[in-house]
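The values are calculated or read from the model by the stated rules, or taken from the named source; none is laboratory data. From a predicted model like this one, the values you see are computed outputs, not experimental measurements. Don't worry about glycine lacking a Cβ; one is built from the backbone with ideal geometry, like all the others, and counts go over all protein chains shown. The protein model used for the area step is the full one, side chains on, heavy atoms only, and it has no ligands, DNA or RNA in it. Shrake-Rupley method; radii C 1.70, N 1.55, O 1.52, S 1.80 Å.
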Amino acid sequence: MSDRLRKLALPIDEWIYQQMNDALLFVDAEGRLLRFNEKSGELIDGDVQSLLDLLDFHQLKKEEAPKMVELSPSGGCLYKVQCRQMEHDRSLYAIFLQPVPMLDQTVEVKKKMEERLAVPSEGMVIHEKGKIIDCDETLAHIFGYKKDEIMKQDAFTLTAEGEHETLHSLFLSYPEQPYVLQAIKKDGTPFYIEVLAHPYPQEGRILRVAIVRDITERVHNERKIEFMSYYDELTELPNRYYFMDMVKEAIEEKEGLAVHFIDLDYFKQINDTLGYSFGDELLKACASRLKQHQGADTFMARMGGDEFLVLQRQVNDQKDAESLAQKLIEAFREPVVIDGYELYTSVSIGISLYPQHGKTAGDLIKQADSAMYTVKEQQRNDYLCYNASISEEFEQMLSIDSELRKALKENQLELHYQPQKSIHTGEIVGLEALIRWNHPEKGRISPATFIPVAEKNGQIFEIGDWVIREACRQNKQWQEEGFPAVIVGVNLSALQFLQKDLVSRVKQVLEETGLDPMYLELEITESMAMTNEEYIIQTLNDLRNLGVHVSIDDFGTGYSSLKYLSRFPVSKLKIDKVFISENQEQNQAIVKSIIHMSHSLNMKVIAEGVETAEQWDFLKSEKCDEIQGYFYSKPLPPEELITVFENKSIH
């Protein structure tokens, strides 16, 4: 040992120095090791110089606060290291190493993790009935304050006003479980905290030590999950599950109530024509309009798709329910404006009453749905209260829905053809293809029965494609067999006509069957032609460019605009049979007007439903071009039409 080391006067007794449980080293200003006790020698396998190198003396002497150092060769134990310059000898430095207890190590690890993440996770505060006695930096950071600033606050200034009553009650008890409060940051931003508090007796008073955690993200996620469970994300209305709960609650209270089942009219056509984004905006606009009638006794929800539900409480009789339904219908008389479009829409409403029509939420919704379905089948834009006969019709509809799917697969559908005759030449000029359902058990089922069901469940597209394909195939077969080439007409439903790929579908069928486009005629109704005229005109032009004829069916029953009618590339108008079947003077005047108008627009005219010689004579005198009806021939299956082709007339 050098003379300097021997003469080194330690500020501690030598025996005590060697008996210390903590390591203590002395170094000079250059960091050269001068003395160390036995405990220091036990660290890093007795290599004290390596320990000194690890501590980085020159950096260590600059730091005022203790430094945490992990000595991995010693099993990864964490040590608190401090370096101090000796007062009696300024060239002498003492380095003190103290092992950190496990609990303190955990706190230190947590602190380091928070420093790395730059997002404090938990703060600690000591308070007395809300008055802050002490807290850590993390708590101040959570609330957006500096520590000296937050010490001037209290629990009431740091939380939302609505929580103050809760805080007063909490300070009178000792909750064992964490509780949630809405807190306020320094900048006024609301957020949520979870608090776990413990009593802390001190000098005759009870303080509280509380761990505070920011759980804003968790609360928002929980609320989002709850919202998704009970609300419709698109319209922000309650969903059907929430609605069911509210109906059950109302039933338990034994009060009179009504369920309104609301369906938007023609939503499918609008959605298919203008796109799903437009359809979503329409649903939101309709939901907003319904919300205007939300009151203390009404609860509104979205069932799904274009269907909504309304629960009406305090209902004394059917008139109360019908009064609300009428108000809801009136609410949709004004146009809905979306992206600059003024769109007129309407609703069909079915009503069920408790307890007359059902004693459970499910039954009430089911009966209201069946009443709504009846409204849509009859006239739309109206309401109807449930009755027993509706239930029978609804069950029949469900039966047809199921059996119609089998009919498509098992080839139960077939086409009959009704001849169309030229008044001037007496020759067959066309055939109208009419679908028939030959049920194996029920026999013939009318199209008026199953087509509305197909339109509702979406089967109309598959059925419509089959009809066009079969009519083209059969017409081509007749031509190949040597029969006269005539036009075959196919009726299109509104849903089918509004398909964006209609023209390409027709083109594909013509190519596959080999039928010349000039021998196919597609029939659309007058009301279809007046819906979204610009889109209709584009589709009609595309069909004309393809070579396909288009006629307007049931003409005279709608509200055609002559302006648009003159622009339509239509080859024929078909006068509705209602004007033919009754020979009233007024109807004859309408028929005359339609014939003359059509000829002025270079369109042919065909009258359907002709059943008597008197009707034939009248139409011939007014120069109607063609007729169709039982006076000439009923619709016939393909094999029976051979007689018509050969004899040209079966009347």
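Does segment 238-248 contain any residue that is surrounded by fewer than 18 Cβ atoms within 10 Å (Cβ to Cβ), outside the structural domain of Phe171 (by the TED database) and β-branched (Val, Ile, Thr)? Within segment 238-248, none of the residues are surrounded by fewer than 18 Cβ atoms within 10 Å (Cβ to Cβ), outside the structural domain of Phe171 (by the TED database) and β-branched (Val, Ile, Thr).
Condition check: within 36 Å of the chain's Cα centre (by Cα) and not aromatic (Phe, Trp, Tyr). Does Ile463 satisfy that? Yes; evaluated as a whole, the condition is true for this residue. Of the helices (runs of 4 or more DSSP H) lying entirely inside segment 133-207, those carrying at least 1 residues that are surrounded by fewer than 16 Cβ atoms within 10 Å (Cβ to Cβ) and of a type outside the set (D, E, K, R) are 164-171. Applying a threshold of 8 Å to beta carbon distances and a minimum spacing of six or more residues, or different chains, the list of pairs starting in segment 217-235 at a residue that is without any contact (Cβ under 8 Å) to a residue 24 or more places away in the chain and among the hydrophobic types (A, V, I, L, M, F, W, C) and ending at one that is open to solvent by 100 Å² or more (accessible area, probe 1.4 Å) and part of a loop (DSSP other than H, G, I, E, B) reads Phe227/Glu233.
Any idea how many residues of segment 318-368 are among the β-branched types (Val, Ile, Thr), assigned to a loop (DSSP other than H, G, I, E, B) and open to solvent by 20 Å² or more (accessible area, probe 1.4 Å)? Final tally of qualifying residues: 1.
Residues are listed down the side, and each one gets a yes or a no for (1) out of contact with any Phe, Trp or Tyr (no Cβ under 8 Å at 6 or more places or on another chain); (2) at positive phi; (3) at pLDDT below 85; (4) not in a loop (DSSP other than H, G, I, E, B):
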{"site": "Thr531", "(1), (2), (3), (4)": "no, no, yes, no"}
{"site": "Arg544", "(1), (2), (3), (4)": "yes, no, no, yes"}
{"site": "Gly558", "(1), (2), (3), (4)": "yes, no, yes, no"}
{"site": "Phe579", "(1), (2), (3), (4)": "yes, no, yes, yes"}
{"site": "Phe618", "(1), (2), (3), (4)": "yes, no, no, yes"}
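Each row is one residue, and each column tells you yes or no for (1) modelled with pLDDT under 85; (2) under 30 Å from Gly458 (Cα atoms).
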{"site": "Gln182", "(1), (2)": "no, no"}
{"site": "Thr216", "(1), (2)": "no, no"}
{"site": "Glu222", "(1), (2)": "yes, no"}
{"site": "Leu234", "(1), (2)": "no, yes"}
{"site": "Pro238", "(1), (2)": "no, yes"}
{"site": "Ser288", "(1), (2)": "no, yes"}
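One line per residue, one yes/no per condition, for (1) outside the structural domain of Arg473 (by the TED database); (2) at pLDDT below 90:
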{"position": "Gly362", "(1), (2)": "yes, no"}
{"position": "Arg380", "(1), (2)": "yes, yes"}
{"position": "Glu392", "(1), (2)": "yes, yes"}
{"position": "Leu398", "(1), (2)": "yes, yes"}
{"position": "Ala433", "(1), (2)": "no, no"}
{"position": "Gly443", "(1), (2)": "no, yes"}
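Residues in segment 198-214 that are within 22 Å of Tyr179 (Cβ to Cβ) and at pLDDT below 80: 4 in all.
Name the one entry in Lys421, Lys359, Lys456, Lys376 that is among the basic types (Lys, Arg), in contact with a Phe, Trp or Tyr (Cβ under 7 Å, 6 or more places away or on another chain) and touching a residue at least 40 places away in the same chain (Cβ under 8 Å).
Working: Lys359 fails: in contact with a Phe, Trp or Tyr (Cβ under 7 Å, 6 or more places away or on another chain); Lys456 fails: in contact with a Phe, Trp or Tyr (Cβ under 7 Å, 6 or more places away or on another chain); Lys376 fails: in contact with a Phe, Trp or Tyr (Cβ under 7 Å, 6 or more places away or on another chain).
None of the other options fit; the residue is Lys421.
Among the residues of segment 251-276, those identified as of a type in the set (A, V, I, L, M, F, W, C) and either closer than 17 Å to Arg313 by Cβ or open to solvent by less than 20 Å² (accessible area, probe 1.4 Å) (or both) are Ile251, Leu257, Ala258, Val259, Phe261, Ile262, Leu264.
Could you check segment 316-334 and list, in sequence order, the residues that are closer than 17 Å to Pro355 by Cβ and more than 31 Å from the chain's Cα centre (by Cα)? If you could, list the steps in order and put the result at the bottom.
Of all residues in segment 316-334, those closer than 17 Å to Pro355 by Cβ come to 316-318, 320-321.
Correct list: Asn316, Asp317, Gln318, Asp320.
Within segment 494-518, which residues are at pLDDT below 95 and touching a Gly at 6+ places or on another chain (Cβ under 6 Å)? Residue satisfying the conditions is Gln496 alone. With respect to Ala301, is the statement that it is under 20 Å from Asp232 (Cβ atoms) and either part of a strand (DSSP E or B) or assigned by the TED database to the domain that holds Ala258 (or both) true? Judged against the criteria, Ala301 is a match. Residue under question is Gly482, and the condition is that it be modelled with pLDDT of 95 or more and not acidic (Asp, Glu); does it hold? No, not satisfied. Listed by position, the helices (runs of 4 or more DSSP H) enclosed by segment 392-500 that each have at least 3 residues that are open to solvent by 20 Å² or more (accessible area, probe 1.4 Å) and under 26 Å from Gln378 (Cβ atoms) are 447-457. In segment 519-529, the residue that is modelled with the lowest pLDDT out of those that are under 19 Å from Ser566 (Cβ atoms) and surrounded by 19 or more Cβ atoms within 10 Å (Cβ to Cβ) is Ala529.
Select from segment 590-609 the residues that are part of a loop (DSSP other than H, G, I, E, B) and surrounded by fewer than 17 Cβ atoms within 10 Å (Cβ to Cβ) and list them in ascending order. Selection gives Leu601, Asn602. The number of residues in segment 573-589 being hydrophobic (A, V, I, L, M, F, W, C) and open to solvent by less than 20 Å² (accessible area, probe 1.4 Å) comes to 3. The set of residues from segment 610-633 being charged (D, E, K, R), farther than 14 Å from Gly426 by Cα and exposed (fewer than 13 other Cβ atoms within 10 Å of the Cβ) comprises just one member, Glu614.
Screening segment 1-83 for helices (runs of 4 or more DSSP H) wholly inside it with 3 or more residues that are modelled with pLDDT of 75 or more and open to solvent by less than 60 Å² (accessible area, probe 1.4 Å) returns the ranges 48-55.
Figure legend. Inter-residue proximity from segment 137-159: first residues of a type in the set (Phe, Trp, Tyr), second residues open to solvent by 70 Å² or more (accessible area, probe 1.4 Å), beta-carbon distance below 6 Å, spacing 6+ or different chains. Indicated pairs: Tyr145/Lys186.
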